[in-house]
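Nothing in this text is a laboratory measurement; each read-out follows from the coordinates by a stated rule. The shown structure was predicted, so the numbers you read here are calculated from the model rather than taken from an experiment. Positions of Cβ are backbone-derived with ideal geometry, glycine not excepted, and every protein chain shown enters the neighbour counts.
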Amino acid sequence: MAEIVDLGEYAEGGREGFYADPYPVYEKLRARGPVHQVRTPGPGPAEELWLIVGHEAARAAFTDPRLVKSPPWSLDDDLIGLHLLFADPPEHGRLRSLVTREFTPGRVAALAPRIQKITDELLDDMVPRGSADLIASLAFPLPFVVICELLGVPDIDRDRFRRMSTQVVAPTSDEEAYAAHAEIAGFLDELIEDKRSTAPADDLLSALIRTTSEDGDRLSRDELRGMAFLLLVAGHETTVNLIGNGVRALLDHPDQLAALRADMTLLDGAVEEMLRYDGPVETATHRFAAEPVEIDGTVIPAGAPVLIAIGNADRDPDRFPEPDRFDIRREPRGHLAFGHGIHYCLGAPLARLEGRGALRSLLERCPELALDGEPESWLPGVLMRGVRSLRVRW
Ligand code: HEM
C-alpha cells in the first residue's frame with residue numbers, strides 16, 4: 001500500500017505554505033506518477049482522496065466514464081439537490097440541454113455593454129483613491145453584480161446572498177457549512193417562488209422557469225434550485241480569482257505588463273495565459289470511482305473520491321514548455337482551467353468577457369498600476385486558488 005501524502009505537511013511552510021504556493025507540491029507528486037492517495041489540508045476536517053496529476057492523465061480522467069459525478073450517497077436529503085456537477089449521463093445531458101436553451105452565446109454577448117458599464121462605475125469609484133484592495137473594489141463586485149443581474153437577484157437581497165455564498169464555498173466549520181446550505185436553499189426557493197408569481201421578467205432564472213424542450217421536458221422545482229445555486233455560486237466565486245490571480249501575475253512580471261500595455265491585441269492571449277498559469281480552480285469538483293479504476297498500475301477502489309489537479313495539468317512541462325514562466329505570448333491552447341469533456345464550464349464565454357474587459361479598463365485607467373505589498377491571506381482548501389485581498393496602487 002502506497003503512503004498517503006498529507007498535502008499540507010508535504011509543502012515547505014506547511015499548510016499555509018501550501019495555500020500560498022501549491023504548485024511545487026503537485027509537481028513533486030507528478031514526478032512520481034499520475035495517481036496519489038492524499039489528505040487535503042482543511043479548512044474543515046481533512047479528507048482522504050485520490051489525486052490525479054499531469055496533463056495527459058488529467059485530460060483522460062475528465063472523460064473517463066468510470067469516474068462519475070453522482071455521489072455514492074443519496075441526494076434525496078441534500079438541501080440543494082441535484083445539479084450539473086452531481087449528474088452523469090443521461091441525466092446530465094438532459095439538464096445541460098435545458099439550461100443551454102436559455103443561457104445562450106447571444107444572451108452572454110448581449111451583456112457586454114452592461115458589463116462595461118459596471119466595470120466603469122467600479123473604476124470611477126476606485127481610481128481617485130490612488131490605492132485599493134483590488135478584490136473588494138473590482139474583482140469581486142464585477143462578476144457578483146453581473147451574475148445577480150443575469151439571474152435576476154434583486155438589489156436588496158444581494159448582501160445577504162453574498163454572505164451565504166461565501167459561507168457555502170469557504171465554511172469555517174461543518175456546522176456553518178450546513179447552516180449556510182440550509183439558508184441558501186430557502187433563499188433560492190423564495191426567489192423562484194417570487195419569479196413564478198410576478199410578471200414575466202427577462203432574466204435567466206425566469207427563462208429557466210418557463211423553458212420547455214420540444215418533447216415537453218422542463219426543470220423540476222428541485223432542479224431549478226440546483227441550477228440557480230450552481231450558476232450563482234460558480235458564476236462569481238471563480239471569476240473573482242481570474243481577475244485577482246491574473247492581475248497579480250501581470251504585476252509580478254513587469255516585462256509582460258509592459259508588453260501588454262504596448263500592444264493590447266495581446267489581451268485575449270494574456271487572459272488565456274492567466275487561466276493556465278494561475279487559474280481560479282485548482283482541483284476540479286469531486287468525482288467517484290464507479291468501479292475499481294486502474295491508472296498506470298495504481299488501483300483506485302470503487303466508491304473512492306477523486307480530484308483532478310487542474311493546477312498541475314496546466315503546469316506540466318510535457319505539455320507547456322517552461323510551465324512556471326508566465327508568458328502572455330505563449331500558445332496556451334489546451335489548458336484545462338475550464339475543465340474538459342461533458343462538464344466543460346458553461347460560463348467560460350462570460351468569464352472571458354468579464355476578465356478581458358476588467359483587465360483592459362483597469363490598465364487604461366491606472367497607467368502606473370503596481371502591487372502594494374505581498375498578499376497576506378490565501379483561500380484555504382484545494383478547490384479555489386486565490387487571495388482574499390490584493391493591495392494595489394497607481
Ligand atoms: C474564470 C472563471 C471560471 C472558471 C475557471 C471555471 C471553471 C470551471 C471548471 C473547471 C468546471 C468543471 C468542473 C469539473 O469538471 O469538475 C466548471 C463547470 C461549470 N461552470 Fe465554470 N468556471 C468559471 C466561471 C463560470 C461562470 C461565470 C459560470 C456561470 C455563469 C460558470 C458555470 C459553470 C457550470 C454551470 C459548470 C458545470 C457544467 C457541467 O457540469 O456541465 N462557471 N467551471
Quick calc: nm separation of the 7 Å Cα→Cβ label points for ASP296 and ALA348 -> 2.4
Relative contact order as a percentage, the chain, C-alpha pairs under 8 Å and 6+ apart, gives 25
For the range 313-372, shape from the Cα gyration tensor axes a ≥ b ≥ c, cut at a/c of 1.5 then a/b versus b/c, turns out oblate
In whole percent, the Cα-Cα distances of the range 201-303 spread across 10 Å bins from 0 upward as 12, 24, 20, 27, 15, 2
Ranked from fewest to most other Cβ atoms within 10 Å of their own Cβ, MET164, MET227, MET264 fall in the order MET264, MET164, MET227
Long-range alpha-carbon pairs in the range 239-394, meaning those over 29 Å apart, account in percent for 23
FRET efficiency (ARG329, ARG101; Cβ distance; R0 30 Å; to 0.05) is 0.20
Bridge orientation stat for the chain from DSSP, antiparallel percent rounded to 5, came to 80
At the level of C-alpha centres, the distance separating the range 258-322 and the range 182-255, in angstrom, is 24
Computed Rg/Rh for the chain (Cα atoms; Rh = Kirkwood radius) stands at 0.95
Using alpha-carbon positions, the gyration tensor of the range 1-160 gives root eigenvalues a ≥ b ≥ c; with a/c under 1.5 called rounded, otherwise prolate if a/b exceeds b/c, else oblate, the class is oblate
Full extension between ASP202 and LEU75 adds, at 0.36 nm per residue less the Cα distance, a length in nm of 42.6 nm
Unit-weight point scatterers at every alpha-carbon of the range 289-336, Debye formula, q = 0.14, 0.18 1/Å: log10 I(q)/I(0) is -0.51, -0.68
Residues whose built amide H sits under 5 Å from the amide H of ILE308, excluding neighbours closer than 5 in sequence, are ILE52, ALA284
Dividing the helical contributions, -39500 (n - 2.57) per DSSP H run of n ≥ 4, by the residues of the chain yields a 222 nm value, nearest 500 deg cm²/dmol, of -14500 deg cm²/dmol
Partner lysines whose C-alpha sits under 29 Å from that of LYS195, ignoring same-chain residues fewer than 8 away, are LYS117
Amide H neighbours of ASP6 at under 5 Å, excluding residues fewer than 5 places away on the same chain, with H built from the backbone geometry, are ARG39
Exposed-loop cut sites defined as GluC sites (Glu not before Pro) in DSSP loop states with at most 12 other Cβ within 10 angstrom; longest site-free run of the chain spans 13-213
Listed by chain and number, the residues whose amide H is under 5 Å from that of GLY81, excluding neighbours fewer than 5 places away on the same chain and using placed H, are none
